Structures are given as C-alpha cells and as structure tokens.
Amino acid sequence: MQEISALNWLRIGALGVIWGASFMFVSVALTGAGPFFVAAVRIVLGAGFLLCLLRFKGRKLPALRGPDGARIWQFALVMALFSNVLPFILLSWAQQSVASGFAGVCMAAVPLLILPLAHFLVPGERMHVRRLVGFVLGTTGVVVLIGPEAFTSTGKDLESLARLACLGAAGGYAIGSIATRLSPEVDRLSLSALVLTLAAGMIVPLALVVEGLPTDLNTKSLLALLYLGILPTGVAQLLLVQVNREAGPSFFSLVNYMVPVWSVILGALVLSEVLPPSLLAAMTLILVGVGMSQWGALRRVFGAR
C-alpha cells in the first residue's frame, strides 16, 4: 500500500536540497582526489554513519539466514550496485568530459525511465496519461532551467562515451528505485546500512586498483568528502529507502526535478552565481508537472475537493 503522506513530501523536499548542494561539494572534492576515490570515500563514510546509527538504536543488519534473508540481501546487492556504485562512478568520470548541465538533464529523465518499469513491475504503479504528461513537463522544465548549453559539445575525445555514461547512471538510478520498492519488508535503517556496506565492499577495491591513494588531498577536499558521505550518501540512502518503500518509485523520482532547481539556487546564494532568467519559467513547468503527476496524492494531503 502506497503512503504518499505529507511526511514523504517533506522527505523528497529534503533530498532535493541535500542532493542539490552535493554538486558544489563534488567539485571541491575532485580538486584533491580522483572520481573513483571520491565515490569510494563518500560510500564508506555513509556506510559508517548508518552502521553507527544502527548500533546506537540497538538494531542489526538483516540476517542472511533469517526470514526472507537471502532475498533481502539479493535486493540489497542490486540496490548497492545500481543506486550507488555505478551511478557514482559513471557520473564522476563523465563530468570530466561533458558539459556540466548534461548530467542534470539525464537525471531529470530518471522519472521517465522509472514510469514504464514501475508500470510492469510494481503493483499499484500504473502508467496513465496524466502522470506521463506531468513527468514530461517536469523534465522539460529542467531542460529549460539548464538551457541549451547543456547539449553544447566540449570537444573532448571521450565526450560521446561520457554522455552514454550519464545515461547509464540515470538507468542505474531507475533500476535501483524499482529494486528498493520490490525488496521484502525489512527495517528501513537496517536495509539502508546493508546497501551502503555492500556498496563499500564493491567500490573500495576498485578505487584502489584504478586510482590508488590520492597524493594531493587537501583540507577543503576532506571537508567536502565528509559532507558527501554523511548527508548526500548516508542520510539520503535512508530517506531514499523510506520514500520508495512507502510512496513508490514514481513518487520518489520527483526528487530529480527538485535537485537542479536547488543546485541553481544554492549556487546563487553560496557562490554568488547569477540566477538564470529561465528560472521562473522552469519552476512553473516543474510545479505544474509535479501537480499533474501527483494530483491524487496532493488532494489527500491538502484535503482538496
């Protein structure tokens, strides 16, 4: 049973802010370390944070031999690979070769990828015309916000491959969201900690083999990595699981429309970047799209007649 409550609206709102700020911190972290090392450290820190929280609350990781234990671990492996390891690596690597806005456009397309998958795989997640039109409007709003420069060629040798990597990351997030919803019922915090622990086990050896330890790590990079590990990885993984499990992957995917908006707004507030003139038009398209796709949920929350 889906529970698109006011609390879940607040959760995706918080995720939009947290992930919107992460772009700035990734840029800072990459000044002192390579993309594989950045991805590995943020996942390890996120896993450590959730494991400490799990211990503090007196809970444990899902037992492999418990009820549905093997299936829970199988789904957790899929979530770790497609929601964490692959997207983090692909995006960090791709952003070195593509226009900065291209990755944002690809992330805005995640809801459109989730919609048909959820229709066939998730009970109660039916694809209908209003929801499809709403998602298309939301995606269009992000494209308007970022502007045509997102599709401008950088002229770098690996640009075409990097663009495919961005699309692969978007597909990974879509698959990970579906797996999160389909996992057997289990404590949300335990599942979140298990996912990041498995992801850390995958990515750390890979990062050491590909890049090794960084030699130019500075204080700013370390602070950026600390933020990336605790909030956009650790806390976000817990919120991701809660929203997907309670409200479904289609609803959760709305966060992909909020992230670019917050990225632009925070860039203006923190880095004194100029707000794009298309911001108002983009936000209007996004809000109308969200409203159309989630009209029934909004009526239940706000009591509309």
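The values are calculated or read from the model by the stated rules, or taken from the named source; none is laboratory data. From a predicted model like this one, the values you see are computed outputs, not experimental measurements. Cβ atoms come from the backbone with ideal geometry, glycine included; neighbour counts cover every protein chain shown.
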Using beta carbons and a limit of 8 Å, which pairs, at least six apart or on different chains, have the first residue in the range 3-31 and closer than 15 Å to Pro232 by Cβ and the second one of a type outside the set (Ser, Thr, Tyr) and in a loop (DSSP other than H, G, I, E, B)?
Ile12/Leu254; Val26/Gln95
Can you say whether Arg126 is among the basic types (Lys, Arg) and assigned to a helix (DSSP H, G or I), as far as the supplied structure shows?
no
Name, by its number, the condition in (1) in a helix (DSSP H, G or I); (2) buried (at least 24 other Cβ atoms within 10 Å of the Cβ) that does not hold for Val98.
(1)
Spot the failing condition for Val274; the list is (1) hydrophobic (A, V, I, L, M, F, W, C); (2) at pLDDT 90 or above; (3) outside any helix (DSSP H, G or I), and only one is missed.
(2)
Would you mind finding the one in Ala80, Ala14, Ala47 that is hydrophobic (A, V, I, L, M, F, W, C), part of a helix (DSSP H, G or I) and surrounded by fewer than 22 Cβ atoms within 10 Å (Cβ to Cβ)?
Ala14
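When you check Leu137 against the structure, is it buried (at least 20 other Cβ atoms within 10 Å of the Cβ) and at pLDDT 95 or above, yes or no?
It is false that Leu137 is buried (at least 20 other Cβ atoms within 10 Å of the Cβ) and at pLDDT 95 or above.
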Would you say Leu231 is modelled with pLDDT of 90 or more and among the aliphatic types (A, V, I, L, M)?
yes
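The rows are residues; the columns are (1) over 26 Å from Ala224 (Cβ atoms); (2) modelled with pLDDT of 90 or more; (3) small (Gly, Ala, Ser).
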position	(1), (2), (3)
Ile4	yes, no, no
Met24	no, no, no
Leu45	no, yes, no
Gly48	no, yes, yes
Pro67	yes, no, no
Can you tell me which residue within the range 140-157, out of those that are farther than 15 Å from Val288 by Cα and of a type in the set (Ser, Thr, Tyr), is surrounded by the fewest Cβ atoms within 10 Å (Cβ to Cβ)?
Ser153
